[in-house]
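Remarks on the structure that follows.
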Amino acid sequence: MLGPLEVEVDTGGTVDLGGPRQRAVLALLLSARGEVVPVGRMINDLWRGAAPPRAIASLQAYVSNLRRLLEPDRERRVPARVLVTAPPGYALRVSADAVDAGRFEAMLGQARSVGSADPGRARLLLGGALDLWRGPAYAEFAGEPWAQPEVTRLEELRFAARELLLDATLRSGAAAEAAAEAEVLTRQAPLREESWRLLALALWRAGRQGDALAALRRAREVLAEELGLDPGPALVQLELAILGQRVDLLPPATAEPGTPAPPPGEAAAAPTEADASSRPEPPTLRPAGSDELFIGREAELATLRRTAAEAVIAGPRIALVSGEAGAGKTSLLARFRAELAAQGWLVVVGRCPEVEGAPPAWAWVEALRQLAGEAPPGDLAPTLAPLLGEGELGGDVAAGRFRLHQAVVAWLRAAAVRQPIAVVLDDLHAADDETLLLVRSVVELADGAVLFVAAARPADSRERLTETMAALARRTPRRINLCGLSPAEVERLVGSVARTSVDAETVAALAERTGGNPFYVCESARLLAAEGTLVATSEVPEGVRDVLRRRLNRLPPPAVAVLRLAAVVGREADVATLVAAADTDEALLVEALEAGLAAGLLTEPAPGRVRFVHGLVRDTVYQDLSQLRRVRMHARVAAATRRLRPGDYPALAHHYARAASPETAPLAVDYAVRAAELAQRRFAHDAAAELLSRAVDAAETISGDRDALRVDLLGRLLRAQARAGALTAARRTRAEVVDVAVASGRDELLVAAFTAWTVPTPWLTRPYGVVDRRIVDLLARLLRRGDLEPPVRCRLLEALTVELDGEADPRGPEAGREALAISRGLDDPELRALGLAARVRTLSYELAAAQRRELALELRDLADEHGLVAYRWLAEQVIGQAAAALNEPAEVRASVARQGAMARAYQLNEAWAIHLTSRAGLAHVAGDFATAWRYYGEAATEMRRQGSLHGESLDYFAGAILLLGQRRLGEYLDATRRARETFGPIVDDLLALALIESGRADEARAMPLGEHCYRPDYFRSLLLTVRALVVVALERRDLAQSVIDDLLPVRDQLAGFSTTTFVARPVALTLGELFRLLGRTEEATRHFTLAATVARRWGAPHWLAEATAASTA
């Protein structure tokens, strides 16, 4: 995979893998690294969401062909051993050393373990590892979305290996050789500070301290220009060391055996007495004694122990434990936690609930409250209140989340000074979005003896986990996959559970049936002990749920009834709640619970609590309940919870929602709202939106002023969806709440509906070019009222600017001016920011760039002063757009870098996607079309993942604009025909040009050229450029002057780049061609010269060449 896809088999030679899609099947399975890839996901990935009707049949044919190629000697009817069927899809079962990527990672791991103790051996290992690369990872599939995470991971490891090789070369005494290679690396990856550090070290070691300082100055300039950042501590420390002649920072020419390598990115400082006294001693990790049944997993435990030891010596480490349900992840973690605790670690544990009704971010709440008991957060407590207490509702979402996440990181760093800390998160596949966002922030911790361990089922919630796993992959985690137990281990486990010896044939049958899954083995062993070998191995269907049902049927009816009630409560239940909700007395209920404990279906994790031994047990019991019985039991549990724990809003909301009836509906609404407010205090706005959706449903059966209640609930839902980034859903909710308000005939409800949206958004919240005239008319009617309070009027005016964004309607700019004027007289900083944003929105991107920048700078200062992150990013976006219109390339690049840094730091998903389009635009300007394609593809994928309105349109227009710049639009003819059907006459000129470049000029002439009037917005100059190219190609002199008149005001700009999203050639170049068509040679020459000046300023060699050629033609 480290280059073009190639496969060799034992029979000799390279295998012809067939066509592109068949090759893609194999690459897709290889990218999963042994994990099962569901059929649905394969079809979606391979056909990019546009699968033909017989896609499954085609996939099966590809798999069959590949199996013959990969196992040519396999006899018919013998199951495949390499490309195997594993429900719900396929998997590739090959050893790591059979794949070049696996061998590379193994050799890299060996080199890291050798470290500086033996730099010569490290160089051999790293050289061999890098020699495996034959080109870019997944070379022919690098542009496929499904390959991106693995490509990114492998390329990052490749750079890490090159840096480690530089370090080993330097430690071996070959400073000159290291300096030459480091120079290459800094040019290929100029933003990697470690490469610059190694270059400066090598130059210093070679006696070239002047060149070393010059390299560090170059690093500073690159980081400032590209990212707007200063160098990190390692580079600053090295620069000071060179200036102060502190040679202790120079690496030794030959390392002393046993000296640990410094953490990546840090200089190898000499240890001091103060260091030794402040650094925690590495614990000796040994298995802890336990009576709990625990068989196998010795290798996995050993890996966890090594990772823990590394965390103490070299800083934060991550371990990811994966395995199917019942594989023993929780048991392994429990064993490991006991070992760590016995060796002096502070271990905190959080479990992601696998049932509904749990509070948001619960795993972190659980873990951090344990941490607070041992290491109080001190001054950080107020910021941590959303996780440790209640916290305050309101404020800027992004800023609040950022401060909370940074406080958690600072707390862990401070606590790890006293003793090493392990943070264990179980069932990560069941995590809500806020839990995952905090994981992504916390793993960026760069120092301290902290170990993060997460366990998950890889096949569950794969899409939701994608970004989190990518963030974890950047930290090079230890991956521990729990496979089935070996036959010998199955024999020991069956014997221990059944308390009898078992013959080899029975063990083999059970091992085959269960796949070695420990939970399934235990259930089968219990069945074997109770009903004999025949039933355990042949009579019972293979599904573990059927095994569980058979065991449940053997329990007394009262015990089954109590287990059903416990299943309604959830995976874990409070005994007091069960007593209060049951139809029996306490003695009988406790007796029934004891029966469940004795049967091995329940455990007792703490006094007064019971827990199902596995989620499958709880799910089996719960799913076998009829809907009628579930509703009644949820009602009983809700009533009991309300008496015992009236503040447990998430549980009450969950149970009342499922106890739906006209009598309980008011309580369902009340507790859903309260639970949603709790979720919002923890910035879990997706969870809040789900709760409020249930409240809206429950409100349908409530009597009284139902319209006012529904407007209130839908307004809350709209805000939660907007804060969660679900803008399409928020738009639908806004339409619904407006419909309710209009139907009520009450203006106060209509005002509430329109002012519910309080979250600034950087792009249109409606389809491009589509204006909802009904909404505009309703807003205009409300604004004619004379009794509106200034804050309300300001919000209504801002809503009108959103609806008329980019339109020729004069009411849009008028509303922007009035909103700004009103906001300046208000004390509320958010309303003042809203007024500035409204005015900026209504100013021309191309003709009023200076005014837009002036307002954006004011908005930036206001946002900085009051912590309004969303408005701060919006201001930065406008600053970059204004710089593009004013021909300031350096400022555009710096602004785009700042936008990206903010989007990453504050986890602004839509902003990150927009940032990617700006990077694509800059790559297009530079003539780097491949990079531009990649960035646009990433942005479109991200937008589709977010449910954005603009994902599909971005996909088409990005491709069209890039091909336009290469005179290859004819290749896009079919796509452009489809786009014309979707987007309408805005595509007419693009379609005409595609026809011309396909040799179909007559068809182009038959189109309604020049009839569509483009909106006076940010895309106007770009679309007019396309029209001009058609006019010139068809020699339509009758249309040339009108295009000239429209383009002349922006003749010194790059077409369309005032958006920083799309860009085309300099407008002056297009004007020159139009003037030449009309025979106005002098004006043509003047504009060609201007085009060359603009292209030169932007560093656009392809447009400079065009302009130069045109001026000399």
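The values are calculated or read from the model by the stated rules, or taken from the named source; none is laboratory data. Remember, predicted model here, so these are calculated numbers, not experimental data. Every residue, glycine among them, receives a Cβ derived from its backbone with ideal geometry; neighbour counts consider all protein chains shown.
Remarks
- Complete set of residues in the stretch 215-231 that are under 19 Å from Ala905 (Cβ atoms) and either in contact with a Pro (Cβ under 9 Å, 6 or more places away or on another chain) or in a helix (DSSP H, G or I) (or both): Leu223, Ala224, Glu226, Leu227
- Candidates in the stretch 326-355 are the residues that are among the hydrophobic types (A, V, I, L, M, F, W, C), under 24 Å from the mean Cα position of the chain (by Cα) and modelled with pLDDT under 90; of these, the one that is surrounded by the fewest Cβ atoms within 10 Å (Cβ to Cβ) is Val355.
- Counted residues, the stretch 584-598 - those being part of a loop (DSSP other than H, G, I, E, B) and under 15 Å from Val621 (Cα atoms): 0
- Scan the stretch 606-633 for residues that are at pLDDT 85 or above, surrounded by fewer than 19 Cβ atoms within 10 Å (Cβ to Cβ) and assigned to a strand (DSSP E or B) and the total you get is 2.
- Meets criteria (surrounded by fewer than 22 Cβ atoms within 10 Å (Cβ to Cβ), touching a helix residue (DSSP H, G or I) at 6+ places or on another chain (Cβ under 6 Å) and over 23 Å from Leu709 (Cα atoms)) for Pro813: no
- On the stretch given as the stretch 1009-1036, residues that are touching a Gly at 6+ places or on another chain (Cβ under 9 Å) and part of a helix (DSSP H, G or I) total 8.
- Test: residue in the stretch 1055-1075 that is part of a loop (DSSP other than H, G, I, E, B), over 38 Å from the mean Cα position of the chain (by Cα) and modelled with pLDDT of 95 or more: no
- All of (1) surrounded by fewer than 17 Cβ atoms within 10 Å (Cβ to Cβ); (2) within 27 Å of Thr514 (Cβ to Cβ); (3) basic (Lys, Arg) hold for Arg67 with one exception: (1).
- Residue list for the stretch 953-1000, restricted to those being surrounded by fewer than 16 Cβ atoms within 10 Å (Cβ to Cβ) and charged (D, E, K, R): Arg967, Arg968, Glu971, Asp974, Arg977, Arg978, Glu981, Arg1000
- Answer residue from the stretch 101-118, given it is of a type outside the set (A, V, I, L, M, F, W, C) and farther than 22 Å from Glu150 by Cβ and is surrounded by the fewest Cβ atoms within 10 Å (Cβ to Cβ) among those: Ser113
- Entry remark, the stretch 881-912: residues being under 23 Å from Glu846 (Cα atoms) and crowded, with 22+ Cβ neighbours inside 10 Å number 11 in total.
- Residues located in the stretch 768-782, provided they are of a type outside the set (D, E, K, R) and within 12 Å of Glu803 (Cβ to Cβ): Val770, Val771, Ile775, Val776, Leu778, Leu779, Ala780
- For Asp787, the conditions (1) among the charged types (D, E, K, R); (2) free of Cβ contacts under 8 Å to residues at least 24 places away in the same chain; (3) not in a loop (DSSP other than H, G, I, E, B) all hold with the exception of (3).
- Extreme residue, surrounded by the most Cβ atoms within 10 Å (Cβ to Cβ), among residues of the stretch 929-952 that are among the aromatic types (Phe, Trp, Tyr) and without any contact (Cβ under 8 Å) to a residue 40 or more places away in the chain: Tyr936
Condition check ((1) closer than 17 Å to Arg841 by Cα; (2) crowded, with 17+ Cβ neighbours inside 10 Å) across all residues:
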position: Val776; (1), (2): yes, yes
position: Arg785; (1), (2): no, no
position: Asp809; (1), (2): yes, no
position: Ala821; (1), (2): yes, no
position: Leu831; (1), (2): yes, yes
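- Residue list for the stretch 137-181, filter: surrounded by 21 or more Cβ atoms within 10 Å (Cβ to Cβ), among the hydroxyl-bearing types (Ser, Thr, Tyr) and under 22 Å from Val114 (Cα atoms): Thr169
- Number of the condition not met by Gly143 [criteria: (1) within 29 Å of the chain's Cα centre (by Cα); (2) of a type outside the set (Phe, Trp, Tyr); (3) within 26 Å of Phe929 (Cα to Cα); (4) part of a helix (DSSP H, G or I)]: (4)
- Residue within the stretch 455-466 that is modelled with pLDDT of 90 or more and either more than 16 Å from the chain's Cα centre (by Cα) or assigned to a loop (DSSP other than H, G, I, E, B) (or both) present: yes
- Residues satisfying the stated conditions in the stretch 503-523, i.e. over 45 Å from the mean Cα position of the chain (by Cα) and either buried (at least 21 other Cβ atoms within 10 Å of the Cβ) or assigned to a helix (DSSP H, G or I) (or both): Ala504, Glu505, Thr506
- Candidate set from the stretch 119-131 (those that are in contact (Cβ under 8 Å) with a residue 24 or more places away in the chain and either surrounded by 16 or more Cβ atoms within 10 Å (Cβ to Cβ) or basic (Lys, Arg) (or both)); member that is nearest to Gly173 (Cα to Cα): Pro119
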